[in-house]
Structure formats: C-alpha cells, structure tokens
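Notes follow once the structure below has been shown.
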Amino acid sequence: MPDDKDQIPKPDERPEEKKYSFLQETIKPKPISRQQLVKQLVRIAIYGVILGAFACLGFFALKPWMQDVFRGNLETVSIPEDEDLSGDENLSGDGELSGDENASPEEETVPETTADAESYQQIMDSMNERAQEAGKGIATVRQVSDQTDWDAEMTGIGKSVTGVITADNGQELLILADSSICADASKWAVTFDDGRSYEAALKKQDSNIGLAMFSVPRGNIADSTWNAIKVSVLGNSNLVKQGDIVMALGSMFGYSDGMSYGLISSTDYKTAFFDGECDVLATDIVSETSGTGVLFNIEGEVIGLISQSVWNDNDSNVANAYAISDLKSAIEILANGESVPYIGIYGTTVTKELEEEQGMPSGVYVVDVDPDSPAMEAGIQSGDIICQVGEESVSSIVTYQSAVLQIKAGRQVLVRGMRLGADGYVDVRFTVAVGSKE
C-alpha cells in the first residue's frame, strides 16, 4: 500500500497558478435622443415654475408681516413755525418799508412795458407751470363704497375732497383733507397726481375745525407715484395781503382736478369755532358752495384751505379759505395721531374799550357754551370771562386758543375766570376734563 506522504506533491512540484488581470474599460453613456432632451428641459421648467409660484405666494403672504416688522421708524411730525419778520431792518414798526425802500414815486424808475397777446400767453404759461408743480403736493380723497355709484361711473365725477400731502413720518404718507368726507364712511381711497389710487386710513379727525388726517402706508406706494408727488410746503399766510395773486387747485367746481387763478380780495375777516378762530383769505375765484381746494401763492406754498365750512351760512359762490398759519398747531397734532383738545366755548377778546367803558376784566368773554361739552360739564357759563388756562394767562382769544392746544386731550386742567355778581366781578375756578370733538 503506497504511503500517503509519497502522494503529496512537494512545494516545488505544485501546478503553477493562473493569474488574471482585470479588464479596464470606459462605459459610454447611452446617447440621449432629441425627444428625451426636450422632455427633460420641460420637466426642469415645470419645476422652476412651481418653485417660483410658491416663492411668490410666500412673499405676498409674508409681505404685510415683513412691512410691519421691518418698517421704518415712526418720526414725530413737526410743522415749522412761521418766520418772525418783526426784526426785519427794512420794515418799520408799523410794517411799512423804511429807508431807501420807502422812496417817493418820483425817484423810482418804472420800466416801460407793452402788453400784448404774446406776453400774456407767456405769463399764463409760467403760471400753469407753477400750478402743475404745486399740484404734485395735493391729492383727492374719496369714499369707497360697496355699492356702485353709477353717476360717477358715467360722468367720472364722484364725491371727493381735496387733500394736502402734509408729511412723511417714515411709515406713512399723511394727507390733510376736509373732514366732510368722513361722514357715513368707513373706507377711503387717495388718488395722487399720477392718477393712481391707494387705500387710505383715517388717522385722526377734528370735526370742530373741520379737518381730517389720512394715511397711506409708504410700502404700498409705487415708485412711479413717488416720482410724481411731493410733500407740500405750508407757507406763512400772515404775509398775504389784499391784491396778491393766488392759485386755487382742487374740487372748487365740483370735479377733482380744477384749477383757477385770482386775487386776494380781503384778509380782514375771521371765522369762529369752538375754542378759537381763524383768519379767512377771501378771493375773487368762483367756487361751488360745497367746493374744497387748496390755495397757493405764486411760489407754490400752501397759504389756505378752501372749505365749505368757511362762512357756511354764506351763500356766496366764491372760494374762501382758512389761513394756513392759524391751523398749523392743530395740523401737527393730527399728523401725530393725537386728538385736538376741545373745551367747548365760543369766545371773543375783551377789548380795551370794553375794559374802560364797562369795567370788564381782561380775558376772553364767553359768548356761548357748546351743550354736552367739557366746559358745560365744568360749569362755565355764558358771560364768564376766562383769564387763565392751566399755567397760561389769557388776554385774548388767540392766547386762549394757544393755551388749550397745549393740553393733551383726556387730561384735567384748572380754568380760572371772572363772573359778574351783585357786587361786581368775582373769581371763579373750574376743573375741566379736556376732551376732543371727532
């Protein structure tokens, strides 16, 4: 029997192992047909449209939130005070020109001019340019209703008032308008000089004076509108005198884009309201009795607000305006979203003649008291003479009005007055809870 050890091959006698090398080959992609390429591009385009649609929807959904979170800082609106010209070296104490400016007519050389159609047309072209520039600072405020106004649809003429672009507080564009547009309405729209309309909100109103402040969010206003508008400059109406040339823009004739030129016919009269008065700029410009508008000087500054509430018991068909300087304090209050203080008395200044002839004390004579007003509730009566409001002494209706406007609505103030009794005038005091008339 053979030995198993003899059958095991020796190491050097083992069969040689076969060695294989891996084949290296390049796998070529299968060629894409034109039809497959088109399908792939269409698929990518569809995905892009879907992604873009979701992005747009997300943007518009988040836009109000983003505007609220990232909106600009709310700036306090400050209406510049009128320039004091009392120290002008060219004016004498009575307001007349002094020095060389007061030279006699014989010493002045008047250039000769020839009036013809061409020169008249040049003057009108220049006035039209000024009016168009001034028009950038006004807007039309109208009510928005769910019911269609078919008359307005057919004629293009709807119920509206003219507003003044008063300020930009960093978050809103503020438009001052006649408060008559607020009656029986909850929605408003503002149309600017470029013809575009925007939804507006009522920021604050004062039905005593007849003013309302509307606001349009800055983020809602298109760039094209920003390029077509501007904030109006409120001028100094105290410098206006009889015979000055003025421009009237607005709804004086029953439609919103009216324009007319004229002269100041008088500056000698006033209109009264509770707790104050206002100078009236009377003009020779024809207007509807319910017309509203803005009165500009030839420099394009606002000098008056044409309103139906000016001498509302007068049926004249001329445009009369509130002098803007007497309204600036109230406008600033409204622009900052606050209520205009209101006590509720009709008053007039006790003149020197009344003091001497009837022995009346200096102050404001109460002609009438508004029913259900803070003044009535505090016990102020017709015939009382107001001498002090808070810490401010009162010597005229102007100083009384200024003192009232310095008090925040909702606060209490001590009003001191004089009342005629059996033994003459006696001191009376009232604690008045200042309100507002909105």
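The values are calculated or read from the model by the stated rules, or taken from the named source; none is laboratory data. Since the structure is predicted, the reported quantities are computational estimates derived from the model, not experimental observations. Heads up, the Cβs are rebuilt from the backbone with ideal geometry, glycines too, and the neighbour counts pull from every protein chain shown. Only protein heavy atoms, including side chains, enter the accessible area calculation; ligands, DNA and RNA are left aside. Shrake-Rupley method; radii C 1.70, N 1.55, O 1.52, S 1.80 Å.
Kindly check whether there is at least one residue in region 248-265 that is farther than 27 Å from Asp193 by Cβ and open to solvent by 10 Å² or more (accessible area, probe 1.4 Å). Yes, region 248-265 contains a residue that is farther than 27 Å from Asp193 by Cβ and open to solvent by 10 Å² or more (accessible area, probe 1.4 Å).
The numbered conditions (1) touching a strand residue (DSSP E or B) at 6+ places or on another chain (Cβ under 6 Å); (2) modelled with pLDDT of 95 or more are all true for Thr399 except (1).
Among the listed residues Met360, Met418, Met376, which satisfies the condition of being in a strand (DSSP E or B) and either farther than 30 Å from Ala167 by Cβ or under 30 Å from the mean Cα position of the chain (by Cα) (or both)? Sole residue among the options that is in a strand (DSSP E or B) and either farther than 30 Å from Ala167 by Cβ or under 30 Å from the mean Cα position of the chain (by Cα) (or both): Met418.
Looking at the structure I just gave you, is Val369 within 19 Å of Gly210 (Cα to Cα), of a type outside the set (D, E, K, R) and open to solvent by 80 Å² or more (accessible area, probe 1.4 Å)? So Val369 fails the test.
Only one of the listed residues (Val280, Val286) is open to solvent by less than 20 Å² (accessible area, probe 1.4 Å) and hydrophobic (A, V, I, L, M, F, W, C). That residue is Val280.
Scanning region 416-425 for residues being open to solvent by 30 Å² or more (accessible area, probe 1.4 Å) and touching a strand residue (DSSP E or B) at 6+ places or on another chain (Cβ under 6 Å) gives a total of 4.
Yes/no per residue for (1) part of a loop (DSSP other than H, G, I, E, B); (2) modelled with pLDDT of 75 or more; (3) within 57 Å of the chain's Cα centre (by Cα):
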| residue | (1), (2), (3) |
| --- | --- |
| Glu17 | yes, no, no |
| Tyr20 | yes, no, no |
| Leu37 | no, no, no |
| Ile44 | no, yes, yes |
| Gly48 | no, yes, yes |
| Phe60 | no, no, yes |
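Scanning region 204-226 for residues that are surrounded by fewer than 20 Cβ atoms within 10 Å (Cβ to Cβ) and of a type in the set (A, V, I, L, M, F, W, C) yields Ile221, Ala222, Trp226. Cβ-Cβ distances below 6 Å connect the following pairs, each with a first residue in region 175-186 that is of a type in the set (Gly, Ala, Ser), a second residue that is assigned to a loop (DSSP other than H, G, I, E, B) and open to solvent by less than 20 Å² (accessible area, probe 1.4 Å), and a separation of six or more residues or different chains: Ser179/Gly210.
Listed here are the residues, each with its yes/no results for (1) more than 24 Å from Glu338 (Cβ to Cβ); (2) not in a strand (DSSP E or B); (3) not aromatic (Phe, Trp, Tyr).
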{"site": "Ala200", "(1), (2), (3)": "no, no, yes"}
{"site": "Gln205", "(1), (2), (3)": "no, no, yes"}
{"site": "Met247", "(1), (2), (3)": "yes, no, yes"}
{"site": "Phe253", "(1), (2), (3)": "yes, yes, no"}
{"site": "Leu263", "(1), (2), (3)": "yes, no, yes"}
{"site": "Thr267", "(1), (2), (3)": "yes, no, yes"}
{"site": "Lys270", "(1), (2), (3)": "yes, no, yes"}
{"site": "Ala282", "(1), (2), (3)": "yes, no, yes"}
{"site": "Gly293", "(1), (2), (3)": "yes, no, yes"}
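Scanning region 278-315 for residues that are closer than 30 Å to Met376 by Cβ and either modelled with pLDDT under 95 or aliphatic (A, V, I, L, M) (or both) returns Val280, Leu305, Ser307, Gln308, Ser309, Val310, Trp311, Asn312, Asp313, Asn314.
Summed over region 383-399, residues that are open to solvent by less than 50 Å² (accessible area, probe 1.4 Å) and touching a helix residue (DSSP H, G or I) at 6+ places or on another chain (Cβ under 7 Å) total 4.
Would you mind stating whether Ala319 is of a type in the set (A, V, I, L, M) and modelled with pLDDT under 95? Yes. Candidates Asp146, Asp94, Asp151: the one that is modelled with pLDDT under 80 and assigned to a helix (DSSP H, G or I) is Asp151. Among residues of region 124-136 that are assigned to a helix (DSSP H, G or I), those with a Cβ under 6 angstrom from a residue that is open to solvent by less than 50 Å² (accessible area, probe 1.4 Å), sequence gap 6+ or separate chain, pair up as Arg130/Gly300; Ala131/Met247; Glu133/Gly300; Ala134/Phe296; Ala134/Gly300; Gly135/Leu249.
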